[in-house]
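A.B. asks: Pasting a structure below so you can have a look.
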Amino acid sequence: MSIELTADQARPVPQDSYLFGPGAAWFAYAMTLGLMVMDYVDRQVIVSLFPHMKAEWGLSDTQLGGLVSIVSVTVALGALPIALFADRASRVRSIVAMALVWSMATISCMFTRSYQGLLAARGAVGLGEAGYGSVGAALIASHFPARLRGALMAGFFASASIGSVVGVMLGGLIAARWGWKSAFGLVGVPGLVLALLYLRVRDYRTVALTPALDRATRSVGGVTRHVWRALTRPTTMMYVCLGAAAQLVVVSALWSWLPSFLNRVHGIPADQAGVRAALVVLCGAVGSVAWGALVDRAGNRRPRNKLLTMAGLCLLSMVVLSVPFAAPALGFALSPQTQFGLIAAGSFVVTCTVGPVSAVVIDVIHPGVRATGSSVLALFQNLFGLAAGPLVAGLLSDAFGLTLALAVTPLFSIFAAIAFVRAARTYESDAARASDPH
């Protein structure tokens, strides 16, 4: 069934034009990046608190990993309904509401008195953050010319890495001075301020849909069928979602457990371990922008080369990141400096898909449901990537030790590479179909 716009749709904006002009576009971009930073500060602040929580509450690594994973699980469950609402109503007001909820939920974490209470509060953080990445990406894509989207998406999702850097660093430093619970309260306030300022961002006009697609997005059954079509009709999207999730298993496992690894294996104090781990996350943030630009350039002559380039980079990240953890487990001695340098290099490469996958999904999705299509990607990234990584690594750590756990998780990059190679076969035809929806 083809998808057509109705006669009362908004006046089309050329693919290489700004929606309201450069000023409005860059203001929207700056504000959306700012909230993305706070999103991940609130999400990742907990990982540098693990040593304090393990000592005070006696938690297992599986339980600690669950405190990270629960956020991604609730993000995944809430992303699609929120994106559907945003596509039909207001992107800006939806983003404001999300930011207020996740910031207040983060602040509430400081008042918990048990693991169960903290787990519930962290779940509420995820519910507030649900849909933000997909709705924010759709808003940015609509403000800017198509030729800039790949690099802009890389920058947008790189800001998540910056937020992770700040969150990991602040968590350890605040905990060392005022106690680990205070960290939640201090990082939650800025999000409240940015949420109110976001009301000044200009929204794009809701794109009218055909009667059939409009009806499909009004019922639970219709939504389910729409999601299934979103995954299978553009075949590219299904494989990109799988590849993106597999690569994020590696990213989330490394970034969640590196502070604990440095603390346990090398005896580095928790606050300093958080700072050093933040430097590794920063390498990943820089890498995501660099690789996003490289992937964009790789697709200049033939678009499918973007996906083949991502596949190669995934395999490179597996090799670079496995060595520093596997070598000691196999009896090969590495100096602490060499090991840390290899971990940082691996982090630089492992984020190679963060920006490009979102741009690819937007390329193969009808413009009237971009936020919804992006939310399907977000569901896979959160539920099967960001949620799985910390929990899988925690389970392996309880069974075999943290070093071996971090040596095994990079193998998920193999699955990512296979998925991207498969997606390359259909990307160009699916993108052409989406650009001409009549």
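No value in this document is a laboratory result; all are computed from the given coordinates. From a predicted model like this one, the values you see are computed outputs, not experimental measurements. No Cβ is skipped: glycine too gets one built from the backbone with ideal geometry, and neighbour counts run over all protein chains shown.
A.B. asks: Looking at the square roots a ≥ b ≥ c of the eigenvalues of the Cα gyration tensor of the range 58-177, which shape do they give, rounded for a/c under 1.5, prolate if a/b is larger than b/c, or oblate?
C.D. replies: prolate
A.B. asks: Taking the 0 to 90 degree range and rounding to the nearest ten, how far is the long axis of helix 220-232 tilted relative to the main principal axis of the chain, both from C-alpha atoms?
C.D. replies: So the helix axis and the longest Cα principal axis differ by about 80 degrees.
A.B. asks: Does the range 22-435 come out rounded, prolate or oblate, given a ≥ b ≥ c as the square roots of the eigenvalues of its C-alpha gyration tensor, rounded meaning a/c under 1.5 and, failing that, prolate meaning a/b above b/c?
C.D. replies: Oblate shape, in that a/c is at least 1.5 and b/c is the bigger or equal ratio.
A.B. asks: Using R₀ = 45 Å, calculate the FRET efficiency as 1/(1 + (r/R₀)^6) where r is the Cβ-Cβ separation of residue 186 and residue 425; round to 0.05.
C.D. replies: For residue 186 and residue 425, the calculated efficiency is 0.40.
A.B. asks: Any chance you could give the angle, 0 to 90 degrees and rounded to 10, that helix 235-265 forms with the longest Cα principal axis of the chain?
C.D. replies: 20 degrees
A.B. asks: Fully extended, how many nm does the chain gain between residue 111 and residue 398 (0.36 nm per residue separation, minus their Cα-Cα distance)?
C.D. replies: My answer for the length gained is 100.5 nm.
A.B. asks: Pop out the ³J(HN,Hα) list for the range 131-136 in order, Karplus 6.51 cos²θ - 1.76 cosθ + 1.60 with θ = phi - 60°, rounded to Hz; leave Gly and Pro as x.
C.D. replies: Karplus values, whole Hz, x for Gly and Pro: x, 5, x, 6, 5, x.
A.B. asks: Could you compute the net charge surrounding residue 360? Neighbours are other residues with a C-beta less than 12 Å from the C-beta of residue 360; K and R count +1, D and E count -1.
C.D. replies: -1
A.B. asks: What is the range 22-435's relative contact order, in percent, from Cα pairs under 8 angstrom and six or more apart in sequence?
C.D. replies: 28 percent
A.B. asks: Each residue of the range 289-294 in order: what ³J(HN,Hα) in whole Hz does its phi give by Karplus 6.51 cos²θ - 1.76 cosθ + 1.60, θ = phi - 60°, with x for Gly and Pro?
C.D. replies: 6, 4, 6, x, 5, 5
A.B. asks: Assuming R0 = 30 Å, what is the FRET efficiency of residue 27 and residue 57, from their Cβ-Cβ distance, to the nearest 0.05?
C.D. replies: Computed FRET efficiency for residue 27 and residue 57 comes out at 0.10.
A.B. asks: Near the amide H of residue 268, under 5 Å away, which other amide H atoms are found, from residues 5 or more places off or on another chain, if H is placed in the peptide plane?
C.D. replies: 263
A.B. asks: Using only the alpha-carbon atoms, how far is helix 61-88 inclined from the longest principal axis of the chain? Give it as 0 to 90 degrees, nearest 10.
C.D. replies: The two axes meet at around 10 degrees.
A.B. asks: Could you compute the FRET efficiency for residue 305 and residue 414, with r as their C-beta to C-beta distance and R0 at 25 Å, rounded to 0.05?
C.D. replies: Efficiency computed from Cβ-Cβ geometry: 0.80.
A.B. asks: So what is the relative contact order for the range 271-375, in percent, with contacts set as C-alpha pairs under 8 Å and at least six apart?
C.D. replies: Relative contact order of the range 271-375: 38 percent.
A.B. asks: Which trypsin sites (Lys or Arg not before Pro) in the range 91-188 pass both tests, a DSSP loop state and at most 12 other beta-carbon atoms within 10 Å?
C.D. replies: 113
A.B. asks: Would you mind computing, in nm to one decimal, how far apart the modelled labels at residue 119 and residue 196 are, each placed 7 Å from Cα along Cα→Cβ?
C.D. replies: A separation of 3.6 nm, rounded to one decimal place.
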